[in-house]
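The values are calculated or read from the model by the stated rules, or taken from the named source; none is laboratory data. Note that the structure is predicted; figures quoted are calculated from it, not measured. Cβ placement follows ideal geometry from the backbone for every residue including glycine, while neighbour counts extend to all protein chains displayed.
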Amino acid sequence: MKCRVCRQPAVIDVRRHNANFCEEHFVRLCRDQVVKAIEAFEMLSPGDRVLVAVSGGKDSLALWDILLALGYEVDGLYLGLGIGDYSEGSGHHAREFAAARGLRLLEVDLRSEHGFGIPDGSRAANRPPCSACGLSKRHLFDRAAREGDYDALATGHNLDDEAAVLFGNVLRWEGEYLARQMPVLPAGNGFPRKVKPLVRLGERETAAYCVLRGIDYQVEECPMAAGNRHLGYKAALNAVEAQSPGTRHAFYFGFLDRAADLFRSQMAEVDQGLGTCATCGSPANGEVCAFCRLVDRATGDRGPTHDAAVGRVPVRLESRRDDGVPG
Ligand code: SF4
Ligand code: ZN
């Protein structure tokens, strides 16, 4: 097995590209794929200040490493979810990565700052854990990017994640979600610009990138992920990809090229109804935003925030940016 570029011994095969690569050229391939995604979708400009949402897993740490290598000014944001040993380990990996490189890692702790962790909070709020978790992440990441005046918020969603989310949304023809299934969402309505620079890399590649770069990451799966629909969609696409390499890429990028525009009008409809949360000042579909309502329910608070919220907001709008991706 020889590297396609230099003919030296290869360390990895990438079936989608029908090619093998040595360490140096694989690392370069990963960075080139990120550059390609950033340029094709106009995600970032030179000199942008970027906030990366860091979970301590392979994708977010690979993303942080690659954006730094490409010359961006990048800080990390770690959100403590209160999921026992899993959160302990995740936080440890995020902090180690930042400390070893002298990087700035912001931290928000759900339990000490908002009064609940995902396992107990989701139970109290009668909401699936990944739904409460996704909502909390979106709200707190957006808020940190806005308050820190970052040019963009970057997340580590990779090609496997995005194709699986697309698959789920297509199976149910979820128009509003399909409208938002873009690798870049522009800033506006109080939201920061959101970018997914890893959409051209699969998760096997981000894992290999971390190993080759000596990045120690959280390998444990979150214990709350069991039963998440997204994992089933991913497994289905893995089976298809094994039979026919390149299908996942063709599915996702074919959607972006040929179908995404058909759903754009639904995004505008949702955005039109946005106001400002009376409690925290974030964008909201009602008087109070979905996160503040979650905090009320998760902590058992029955104050004015809760009363104002009950029954006012359609469920589908509450989870408007829920992409269902575990991890
Ligand atoms: Fe959150 Fe992911 Fe765990 Fe679900 S699987 S609870 S989204 S960290
Ligand atoms: Zn709020």
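Report, ordered by the first and then the second residue, all pairs with beta carbons closer than 6 Å, sequence separation of six or more or different chains, a first member in region 73-85 that is more than 15 Å from Ser55 (Cβ to Cβ), and a second member that is of a type in the set (D, E, K, R) and buried (at least 19 other Cβ atoms within 10 Å of the Cβ).
No pair meets every condition.
Wholly within region 123-192, which helices (runs of 4 or more DSSP H) include no fewer than the required count, namely at least 3 residues that are crowded, with 24+ Cβ neighbours inside 10 Å?
129-147, 159-171
Is it the case that region 78-91 has a residue that's among the aromatic types (Phe, Trp, Tyr), buried (at least 21 other Cβ atoms within 10 Å of the Cβ) and within 15 Å of the chain's Cα centre (by Cα)?
Yes, that holds for at least one residue.
Only one of Glu220, Glu287 is acidic (Asp, Glu), out of contact with any Asp or Glu (no Cβ under 6 Å at 6 or more places or on another chain) and more than 16 Å from ligand 1 (Cβ to nearest atom); which?
The unique qualifying residue is Glu287.
Kindly list the number of the only condition in (1) more than 16 Å from ligand 1 (Cβ to nearest atom); (2) modelled with pLDDT of 95 or more; (3) within 25 Å of Phe253 (Cα to Cα) that fails for Tyr150.
(3)
Of all residues in region 98-146, how many are within 15 Å of Tyr86 (Cβ to Cβ), out of contact with any Gly (no Cβ under 9 Å at 6 or more places or on another chain) and within 16 Å of ligand 2 (Cβ to nearest atom)?
Of the residues in region 98-146, 1 are within 15 Å of Tyr86 (Cβ to Cβ), out of contact with any Gly (no Cβ under 9 Å at 6 or more places or on another chain) and within 16 Å of ligand 2 (Cβ to nearest atom).
Have a look at Leu262, Leu256, Leu294 and point out the one that is within 16 Å of ligand 2 (Cβ to nearest atom) and out of contact with any Cys (no Cβ under 6 Å at 6 or more places or on another chain).
Exactly one residue qualifies, and that residue is Leu294.
Picking from Val108, Val74, Val50, which residue would you name as being within 16 Å of ligand 1 (Cβ to nearest atom) and not in a helix (DSSP H, G or I)?
Of Val108, Val74, Val50, the one residue that is within 16 Å of ligand 1 (Cβ to nearest atom) and not in a helix (DSSP H, G or I) is Val108.
Within region 314-327, can one find any residue that is exposed (fewer than 14 other Cβ atoms within 10 Å of the Cβ), modelled with pLDDT of 80 or more, away from ligand 1 (no atom under 16 Å from the Cβ) and under 25 Å from His139 (Cβ atoms)?
no
List pairs: first residue in region 32-46 and at negative phi, second residue modelled with pLDDT of 95 or more and part of a helix (DSSP H, G or I) anywhere in the structure, Cβ distance under 7 angstrom, at least six positions apart or on different chains.
Filtered contacts from region 32-46: Val34/Ile66; Met43/Ala37; Leu44/Ile38.
Condition (residue is at pLDDT 95 or above, within 26 Å of Pro186 (Cβ to Cβ) and not in a helix (DSSP H, G or I)) applied to region 27-39: is it met by at least one residue?
Looking for residues that are at pLDDT 95 or above, within 26 Å of Pro186 (Cβ to Cβ) and not in a helix (DSSP H, G or I), one finds none in region 27-39, hence no.
Let's see how each residue does on (1) touching a strand residue (DSSP E or B) at 6+ places or on another chain (Cβ under 8 Å); (2) touching a residue at least 60 places away in the same chain (Cβ under 8 Å); (3) of a type in the set (Asp, Glu):
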{"site": "Ala124", "(1), (2), (3)": "no, yes, no"}
{"site": "Asn158", "(1), (2), (3)": "no, yes, no"}
{"site": "Asp216", "(1), (2), (3)": "no, yes, yes"}
{"site": "Val240", "(1), (2), (3)": "no, no, no"}
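Mind listing whichever residues of region 201-234 are among the small types (Gly, Ala, Ser) and not in a helix (DSSP H, G or I)?
If the condition is that a residue be among the small types (Gly, Ala, Ser) and not in a helix (DSSP H, G or I), then Gly202, Gly214, Ala226, Gly227 are the ones that fit.
Residues are listed down the side, and each one gets a yes or a no for (1) at positive phi; (2) in contact with a helix residue (DSSP H, G or I) (Cβ under 7 Å, 6 or more places away or on another chain); (3) of a type in the set (D, E, K, R):
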{"position": "Val199", "(1), (2), (3)": "no, yes, no"}
{"position": "Glu203", "(1), (2), (3)": "no, yes, yes"}
{"position": "Thr206", "(1), (2), (3)": "no, yes, no"}
{"position": "Tyr209", "(1), (2), (3)": "no, yes, no"}
{"position": "Gln218", "(1), (2), (3)": "no, yes, no"}
{"position": "Cys222", "(1), (2), (3)": "no, yes, no"}
{"position": "Gly232", "(1), (2), (3)": "no, no, no"}
{"position": "Asn238", "(1), (2), (3)": "no, no, no"}
